[in-house]
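Structure first, then comments.
The values are calculated or read from the model by the stated rules, or taken from the named source; none is laboratory data. Quick caveat, the model's predicted, so the values are computed rather than measured. Quick reminder, even Gly has a Cβ in these numbers, built from the backbone with ideal geometry, and neighbours come from all protein chains shown.
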Amino acid sequence: MAQPFPYLLLPSIWASRNRAQRRERGDLLRAVMFGGIAIAVACAIFAAAFWIAWQLADYAELGDYLLRAGLSWLFLTFLSFLAFSGVVTALSTFFLSDDLRLLLAAPVPSYRLFHARFARTLVHASWMVVVFLTPLLLGIGLARCAPLSFYALAVLTIVPFSVIPVALGTAATLVLVNVFPARRARDILMLMGLFFAASIVILLRYIRPERLMHVESLPDITAFFSTLQSPITPLLPSFWAGETLFASLQGGRDFLHLAALWTTALMLMVGVGAAYERWHFAGFSNAQEARKARFTRLHVLDRVAHRIPLSIARRHLLIKDVKVFLRDVSQWSQLLLLLALVLVYLYNFRVLDLDRIPYMGGVVKNVYAFVNLAMAGLVMATVAVRFVFPAVSAEGQAFWIIRTAPVSIREFLWSKFWIGLVPILALSEVLTVAANELLGVDPFLEIVAAVAIVFMSFALVGLATGLGARYPRFTADNASQVAGSFGGIAFMVMAVLFVLVVIALVGWPSSVYLFYRVRHIPLDASRQAQITASFAAAALVSVAIWWLGMRTGIRALQEP
Amino acid sequence: MLVAGVREAPTPVIATQDLVKRYGGFTAVDGVTLDVAAGEIHGFLGPNGAGKTTTIRMIAGLLKPTSGRVLVNGHDLAREPERAKASLGFIPDRPFIYEKLTAGEFLRFHAGLYGVDGTGVGDRVREMLELFELTKWEHELVESFSHGMKQRLVMCAAFLHRPPAVLVDEPMVGLDPRGARLIKEVFRRMASRGVAILMSTHTLEVAQEMCDRISIILKGRIIARGTVAELRAMAGHPEDQLTTVFLKLTGGSGLQEIDEIV
């Protein structure tokens, strides 16, 4: 057939156009929220890049050296991100995507299909890097009064710089899928992603970037960057990209490194294209194999579930939900990642040296207790929107089984609630108590925070379960899609508002109480009444949100 | 394998030779040889898991055979994949359609994939939509379609480029009686115009009513082939319905066991 490869991208383009033309409920809210966040982040990146480049200009040669090394380091980070992202995206676009069954049955020459799928992989894998780099390079360019050619060269640099790691990622995927069945390869990649993210977090902690904020540590900065240099650095595309842009920033030209970028990118395209023609079909055939179920002998789960005093239906709903969760690597690997981030968060409290501020230490610590409570609330909301909100939608096309079974909707939804509540309550309690303990906050606040977390957990899990049932997406491909739907966004908005209200209702009486206690002033009756009323209001709001959330969900599902 | 008397075979439009597909130690398709002539509707029957869909997917070019050949309209699928696929229309059991495209957009895109382009495409698309009674849905998103409508849309796509061969996997699933009658009529008309149709189905009445010849597959091997009358004769019960013949050839009804269990 005579159609060039961009023809194969038409469905995605038409689908985007149709989606834009036929707005769904919540699209505007979603656009405003995500658009607002994106613009704010872009502005922050631009301002930070501008400020750093502006400041470094004062240090003449040292400033230039740092900017050059910084660019190289930044591109090195993106290089690793793009390579990993390329592997994950290629697995989906080249092997698991549903439309492949249509396209492979059509008389499309394999090299055209390769080009179309590669273009798609490239866009999906690299858009985030491009979005991040645009304000960053704009900031640097404007701060250094770079010529217009700098921006043109930036485009000419980023394109091959993105192609190289994505092509390498695609090649790695081709090898992986030909060695393992594609669906097993996806699990392996999920775990690789987990280790990748964990190693970045550990690396960040190891480098301790907060040291760089101190003026007296300037020699450390040069030492820090020099440790990033190694004999192989000049062989990496990140170095070539950094050098090309730095030369252009200075008003010069570095065509050698630009040429290295382009020739490597083109060579890899040709190489990976040839590998695709040779191995793709065999790999795709491999991908059709079903994978074996994991955790088929979870006797411990069965035994534990049988010890819990539950009705038979609820017990089996619990066993089913836990097994489905454990068998979906994408689910628990994300939870593990979140746990890793929580650990880093706690570690930060441990290294936080508040005692350096002699008179404010106590006050700051107590303020941090509420910051910590708010953070725990937001972590809870995030976990709830990702894992509890999609619980009803996760029944998917199989929801008819529940509908036709002699199980009431009320029982079904409460089962979902308890399954969500127990781990979230445990996680947030540990997070709050441990952080407060590490900070050394006042024991009164420790108790208040611990109790508040219990109320907040009930409210947020109830709200997530209820709204998840009110706005289910039974046809969604995965939980993230459900979390990003109108209902998910609405939940997040309500959850954030709720957390802020509770923090205010708990924070005000606590601070009044501590103020009086520190000054040894007895609390009068009216103050005591106000404090009690405020705590009671926090508890009441939580219970109301919990109850209303669940009632909304039950009613929505009971509607015929 | 039980095969009815040798006849003078015209050149097959769809042919497989010793097709084998192994998954590790499991052999899903074990030496399947098939041929479907122009104008023939060839039924492909077998119990669940017998290897029907695997065979169909190999012929469609979705699955790489472990060994064996597939020829479509004289083109070797392994050597000339584009030419072979251009001669084929494929109707899968669980069709994929871009949910966010309209029916018209999907068909135009599909036509382009098969090299059908230019001014005639619009007319051809409308013609097919009319044939499958989807005209008024041309500008509606596929996501709003019922399963039966999606099935009919996929059939529109399969016949759009006027292929000489059509592969069908379970055509009647999800169709209402009116839709089923329509499909049967379309298949008959297409066959009368020389299109070779290889149709896998569980609906034995459909096979009995429509197919010129039937191949029965069991555990990856073709165990019988012939016209309905020839299959009846092979089973030793010329008067029986195809269901009885099918059950006899594929290993009994299991009714005795049912009685014991119940």
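A search for C-beta distances below 9 Å between a residue of the range B:23-50 that is within 14 Å of another protein chain (Cβ to nearest Cβ) and within 22 Å of B:Leu71 (Cα to Cα) and any residue that is part of a loop (DSSP other than H, G, I, E, B) and polar (S, T, N, Q), counting only pairs 6+ apart in sequence or on different chains, returns B:Thr27/B:Thr66; B:Val29/B:Thr66.
The residue that is farthest from the other protein chains (Cβ to nearest Cβ), among those in the range A:93-103 that are part of a helix (DSSP H, G or I) and in contact (Cβ under 8 Å) with a residue 60 or more places away in the chain, is A:Phe94. Taking the range B:68-158 and the helices (runs of 4 or more DSSP H) fully enclosed by it, the elements with 1 or more residues that are more than 20 Å from B:Ile56 (Cβ to Cβ) and within 14 Å of another protein chain (Cβ to nearest Cβ) are at B:103-113, B:120-131. Here A:Asp524 clears all of (1) surrounded by 16 or more Cβ atoms within 10 Å (Cβ to Cβ); (2) farther than 23 Å from A:Val454 by Cβ except the condition numbered (1). Need the failing condition index for B:Gly174 against (1) in a loop (DSSP other than H, G, I, E, B); (2) at pLDDT 90 or above, just the number. Going through the list (1) in a loop (DSSP other than H, G, I, E, B); (2) at pLDDT 90 or above, B:Gly174 breaks only (2). Within the range B:54-67, being of a type in the set (A, V, I, L, M, F, W, C) and within 7 Å of chain A (Cβ to nearest Cβ) holds for B:Ala60, B:Leu62, B:Leu63.
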